[in-house]
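Read through the structure below, which is laid out as structure tokens, and then see the notes.
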Amino acid sequence: MSRRITIAYWLIPAEPAHRFLQNLINDLAGRFDAPVFEPHVTIYVGADSTDALETVLSKAAQTCKPIVLQALEVSHSDEFIKTLFVEFGLNSKLRQLNQVIRSAAQDSSDYDLKPHLSLLYKRMSVQTRRQLARSIEMPFSQVVFDSLKAVRCISPTLSRADVEVWRVVGERLLCN
């Protein structure tokens, strides 16, 4: 499998959802000896281009207002980066942001936008994942996302070590 350094563009939830989700991620990481990370929805993953980074963030921040996403359900999978996650509905504003980033990055990545916010990265049995997914109650049906971060990461992310080397290399608030 080919692995490379990429830039992932993340939507970051606004308060109070950010605090709730960060506390949940921290709790799950502690209980299951897993990595801690910031709550985010990945919008796009493309080439590691420092030149394009500022352009991408500026265009996205100028073009897009804060985005409200509908939380659908807490789910799980055997994919490391989707061990346990909140699934969100895809909407036109999210598609537009993905297109703005894709276009500004001038990158032909085949990233498939499936909006979700991971809560845990850990290899575990399907029974444990299922039980965890059923046990989590989201206190809100919609989440507002008001900022964008660019994160240098290894793709695909396959382990705790991969998560622990993620580095934020840029960020912007989405304009109101």
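The values are calculated or read from the model by the stated rules, or taken from the named source; none is laboratory data. Since this is a predicted model, take the numbers as computed values, not measurements. Cβ placement follows ideal geometry from the backbone for every residue including glycine, while neighbour counts extend to all protein chains displayed. These area figures cover heavy atoms from the full protein model, side chains too; ligands, DNA and RNA do not enter into them. Shrake-Rupley method; radii C 1.70, N 1.55, O 1.52, S 1.80 Å.
Using DSSP to define loop residues, name the GluC sites (Glu not before Pro) in segment 72-176 whose beta-carbon has at most 16 other beta-carbon atoms within 10 Å.
In loop regions of segment 72-176 (DSSP not H, G, I, E or B), the sparsely surrounded GluC sites (Glu not before Pro) are Glu79, Glu137.
Among the chymotrypsin sites (Phe, Trp or Tyr not before Pro) within segment 87-176, those in coil by DSSP and having at most 14 neighbouring Cβ atoms inside 10 Å are Phe140.
Loop sites by DSSP among the trypsin sites (Lys or Arg not before Pro) of the chain, restricted to those with at most 14 other Cβ atoms within 10 angstrom, leave 4-122 as the longest stretch without any of them. To put it simply, the accessible area of the chain at a 1.4 Å probe is 48 percent carbon and sulfur.
The distance linking segment 147-176 with segment 1-70 is 6 Å (Cα centroid to Cα centroid, whole angstrom). Accessible area per residue for segment 94-176 is 55 Å², calculated with a 1.4 Å probe on protein heavy atoms, without ligands, DNA or RNA. For segment 1-113, the spread of Cα coordinates along the three principal axes comes to 41, 36, 21 Å, biggest extent given first. Taken per residue, the accessible surface of segment 1-86 reaches 45 Å², heavy atoms only and a 1.4 Å probe.
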